[in-house]
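Rule-based calculations on the coordinates, nothing more; no lab input. These numbers come from a predicted model, not from an experiment. Backbone-built Cβ (ideal geometry, glycine too); neighbour counts: all protein chains shown.
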Amino acid sequence: MKKIILTAAFLFTLTGWAQTGIIKGIVLDKQSESPLEGATVQLMDMEIATGVITDLDGRFILKDVPIGRQSIQISYIGFESSTVPNIEVTTGKDAVVNITLQESFNQLNEVVVSSNTTLDKPKNKLAVVSARQFGIEEVGRFSGGRGDVGRLASNFAGVSAPDDSRNDVIIRGNSPTGLLWRIEGIPVPNPNHYSSAGTTGGPVSALNPNMLKNSDFITSAFPAEYGNAIGGVFDIGLRNGNTDDYEFSAQAGLFSGVEANAEGPMGEKGSFLVAARYSLIGLTGGAGTSATPNYGDLSFNFNFGKGKLGSLSLFGIGGTSDIEFLGDDIEADDLFAAEDEDAFVKSGFGVLGLKHSLPIGKNSFVRTVIGYSTSQSQYTADRYFDKDTPQENIILYTKDDETENRFTISSLFNSKINNKITLRTGLVYENLTLDYINQDREEQPDNDGDGFSDLVTLVDVNESLNLFQPFVQGQFRLSEKLTLNAGLNGQYSNLNKQFALGPRAGLSFDANDNHRFSLGYGLHYQNIPSPILFLNENVNGNLAQTNRDLEFVRSAHYVMGYDVKLGNKWRGKVEAYYQDIDNAPVHQFSSSYSTLTEGADFGFSKDAVSLVNEGTAFNQGIELTLEKFFSQNYYMLFTSSFYQSKYKGSDGVERNSPFNNGQVINFLAGKEFVVGKARKNRFFMDTKVTFSGGRYYTPINLEASRAAKYEVLYDDLAYSLQYDNYFRWDVKLGFKINSKTKKRSHQFYVDLQNVTNNKNIFSRMYNRLTDNIDREDQIGFFPDFGYRFQF
């Protein structure tokens, strides 16, 4: 760390007189998404007025912009003007800002209404409540985030992620399996390295944050275009490359790995953007295991520009990962492996898509995305018996091979009827092909008498199903202060011929410039996770899929919110919500089991067969956000959530869900200090403190576990005990350095995670090697580091 700081200090003393930079972008009509020609873009806080006019395609370029944090104002006759603050201008890369302006409620000729563009409002204009926009700068700024959008979300109100080893997103007490991932408008499987089918998280994200543009994260009552989810939505967009100049970057980070990016113009109006990464953490450890993780990913976005037949782009992400847990090399406190097993893990994620947008007249467009995505996971475990003795025997104990392929077509038609009404309708079609085989000896009898439990096939399926999701929605500006968003989402599965219709509505009332009230409602449906849906049951000696006729889980969301501007760049937000869930699959016999508890462990239940849709649950809570957006070289964010998450299995007993932490509190702050002769370089500090209640867990029946040699739980006491509270403090320090003569910039950082080395509990589990209940703790103090070079 000392060498890094000294090197950085030396570099920024050599950069006395920095170059200027460039701000560029495009200005669009928010409702129709058509370019606004002739809009005025002005650089603020300048002694001499500096501004440009957008061209036919709504594009603008501001040149010779001073290095540092800058603000621009955009105005257009008849539209509400907008201010974009704190644009970071560097010498290494052009700053790209895309702006949408909303037409004034009354037809104005010369008057404009001022508003600030902030991240508290989502990009999706039809999302009213429980939605927030996030950008690439946020992903890289917050300490402890590891450049991971999933971990970024844990800073927002309503999200709990007290697990240092994975980035599962738990929203308002819902299972992480309730989350929908979308990339460029199409649903995709779990976009993480070391993922498994049916899950939505993992230890390392396969999404490169340097590829992302500002995107949306929605936690409740989401608009009608989002279906097959009851927990939340990550709506990810990929940015375009630089259309005017070639730019490159190279960086290294302990978790993100070694990375190289390239972008630039392609053809007359197009651009390309390519990024590749490979793991670095295996060289230093610290991932909760002594094994060496290997992972890498490649991402690209080729934009072919706009022609007579519209605009076309080709995008893709591909990632692979593998790790070997060899028993002789495993330490006793390893979170993921055992000393008497050799385990081998491989996984892959990929998405390839073609996006086409076609303007229809001045105020309408059709956008269609055709995509193919895949998620693959392989796990094999060989277990030793009588290890290191003459009777040593090693046998195949577990084999799991899962492949999920999706062919998707997503098409929507958007039309701005007038400045008060916008309509959007479309269809999302998914063809899912599932190829699973799961064999395991755990909890199985020894029917063949060889002294070992039998290797039983629990899942053996090669199936496909089709999901159709038509939707229609609209935005109706009832008055200058009152806006209604309403729509319908349909969901049909050909697997068991079921169809569900979910109404959605959101109402927003701006009492004045500083106070806004909102209401939201949504009825949402989700298919059962595929590892449960196609689980095999032995019926009279034959394997049968006794869950394939299960209906969708149903969830009704009710949300009430209040936003207030507390001063310059300060805002407060309060949201209260209630979520009523029914139709959850449970056992036919009296049991505490519900599919709503899946996702609490690494895998899915193996005995959840012959289920019926009779389970219920509810989530309720209140959230508070106090935020100071970045200005005057600092920011602050305080979020708190107080909630309950309860469920009922077939026994009718109301229990805590495993995701019922009760409370989550985050405090984040950061400041930049201007350094160097020309005051163009930055030293920055960021910190994050997280506190949450512990998760509920089921106590272990030690006597039964010792007799069976595997973990046996007290089913009647399910989730009756709670782990200790979770606490973690992270601190991040770094430099941003701009070259004095060339288009270059450097950034260094050291991210000290869990600086107090707090022993947060990971789990309590029966250890067959010690024949006792052992406590496993999460990762303690861990220093991350990174360097980035842009040119």
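Over the chain, what is the relative contact order in whole percent, taking alpha-carbon pairs under 8 Å and six or more residues apart?
On the way: 2355 pairs, mean separation 89.7, N = 791.
Worked out over the chain, it gives 11 percent.
For residue 582 and residue 269, what is the calculated FRET efficiency with R₀ set at 35 Å and r taken between the beta-carbons, to the nearest 0.05?
Values: r = 51 Å, r/R0 = 1.47.
About 0.10, to the nearest 0.05.
Classify the range 660-726 from the C-alpha gyration tensor, please: rounded if a/c falls under 1.5, else prolate or oblate depending on whether a/b exceeds b/c. If you can, show how the numbers build up before the last one.
Details: a/c = 8.72, a/b = 3.53, b/c = 2.47.
Prolate shape, in that a/c is at least 1.5 and a/b is the bigger ratio.
To the nearest 500 deg cm²/dmol, what mean residue ellipticity at 222 nm is calculated for the chain from DSSP H runs of n ≥ 4 alone, each contributing -39,500 (n - 2.57), summed and divided by the residues? Display every interim value, and only then the final one.
Values: 5 runs with 34 residues, N = 791.
Dividing the helical sum by the residues of the chain leaves -1000 deg cm²/dmol.
Kindly rank 72-85, 355-368 from highest to lowest mean number of other beta carbons found within 10 Å of each residue. Kindly include the intermediate steps, with their values, before the conclusion.
Working: 72-85: 19.5, 355-368: 16.0.
Ranked by mean Cβ neighbours within 10 Å, highest first: 72-85, 355-368.
Where the centre of each part is set by its Cα atoms, how far does the range 473-514 sit from the range 558-628, in angstrom?
The two parts, judged by their Cα centres, are 20 Å apart.
Based on the Cβ-Cβ distance of residue 478 and residue 717, what FRET efficiency does E = 1/(1 + (r/R0)^6) give at R0 = 41 Å, to the nearest 0.05? Could the numbers behind the result be given before it?
Numbers: r = 52 Å, r/R0 = 1.28.
In this case the efficiency is close to 0.20.
Given 0.36 nm per residue, what is the gain on full extension from residue 106 to residue 768 after removing their alpha carbon distance, in nm?
Values: separation 662, 0.36 × 662 = 238.32 nm, distance 7.23 nm.
Here the answer is 231.1 nm.
To the nearest 0.05, how large is the calculated FRET efficiency for residue 370 and residue 464 if R₀ is 22 Å and r is the Cβ-Cβ distance? Intermediate results must be reported in sequence, preceding the final value.
On the way: r = 18 Å, r/R0 = 0.81.
So, using R0 = 22 Å, E works out to roughly 0.80.
Quote to one decimal, in nm, the extra length available between residue 673 and residue 538 on full extension: 0.36 nm per residue of separation minus the C-alpha distance between them. All intermediate terms of the calculation are to be shown ahead of the outcome.
On the way: separation 135, 0.36 × 135 = 48.60 nm, distance 6.62 nm.
42.0 nm is the gain from fully extending residue 673 to residue 538.
If you find the alpha carbon centre of the range 407-470 and of the range 734-768, how far apart are they in angstrom?
Value for the Cα centre distance between the two parts: 35 Å.
Report the one residue of 773, 199, 153 whose Cα lies farthest in the direction of the positive end of the charge dipole of the chain (charges on C-beta: Lys and Arg +1, Asp and Glu -1; origin at the Cα centre).
153
Using a simple spin-label model with points 7 Å from Cα along the Cα→Cβ vector, what separation in nm is obtained for residue 776 and residue 758?
Roughly 2.1 nm, to one decimal.
Take 103, 339, 598 and order them by how many other Cβ atoms sit within 10 Å, fewest up front.
Numbers: 103 21, 339 16, 598 24.
The fewest-first ordering by Cβ neighbours comes to 339, 103, 598.
Fewest first, what order do 330, 394, 67 take by the number of other Cβ atoms within 10 Å? Please report the intermediate quantities before stating the final value.
Values: 330 20, 394 15, 67 24.
Final ranking by Cβ density, sparse to dense: 394, 330, 67.
Mark the label point 7 Å from the Cα of residue 385 along Cα→Cβ and return the residues of the range 451-471 whose backbone N is within less than 18 Å of it.
451-457
Taking the alpha-carbon centroid of each part, what is the distance from the range 365-394 to the range 195-256 in angstrom?
The range 365-394 and the range 195-256 have Cα centres spaced 24 Å from each other.
What order do you get for 167-175, 527-535, 663-671 when each peptide is scored by the mean count of other beta carbon atoms within 10 Å, highest first? Show your work: numbers first, answer last.
Values: 167-175: 27.8, 527-535: 23.2, 663-671: 18.6.
Ranked by mean Cβ neighbours within 10 Å, highest first: 167-175, 527-535, 663-671.
Could you give the nm distance between label points at residue 607 and residue 244, where each point is 7 Å from its Cα heading toward the beta carbon?
Inter-label distance under the simple model: 6.6 nm.
Compute the helix-to-body angle for 2-13: its Cα long axis versus the longest principal axis of the chain, expressed 0 to 90° and rounded to tens.
Between the helix axis and the principal axis of the chain, the angle is about 10 degrees.
Report the local net charge at residue 210: Lys and Arg +1, Asp and Glu -1, summed over other residues whose C-beta lies under 12 Å from its C-beta.
Working: positive: 93, 213, 239, 277, 788; negative: 137, 247, 259, 263, 297.
Local charge sum for residue 210: 0.
Neighbouring Cβ atoms within 10 Å as the yardstick, rank 411, 650 fewest first. If you can, show how the numbers build up before the last one.
On the way: 411 16, 650 19.
Final ranking by Cβ density, sparse to dense: 411, 650.
Would you calculate the separation in nanometres between label points at residue 545 and residue 566, each defined as 7 Å from the Cα along the Cα-to-beta-carbon direction?
Each label point lies 7 Å from its Cα, and together they span 5.2 nm.
Taking every Cα atom in the chain, find the radius of gyration and the maximum pairwise distance Dmax, and write them in Å.
26.7, 92
Under the 0.36 nm per residue contour assumption, what length would be gained going from the current alpha-carbon distance of residue 510 and residue 417 to full extension? Before the final figure, lay out each step's value.
Values: separation 93, 0.36 × 93 = 33.48 nm, distance 2.26 nm.
Gain on stretching residue 510 to residue 417: 31.2 nm.
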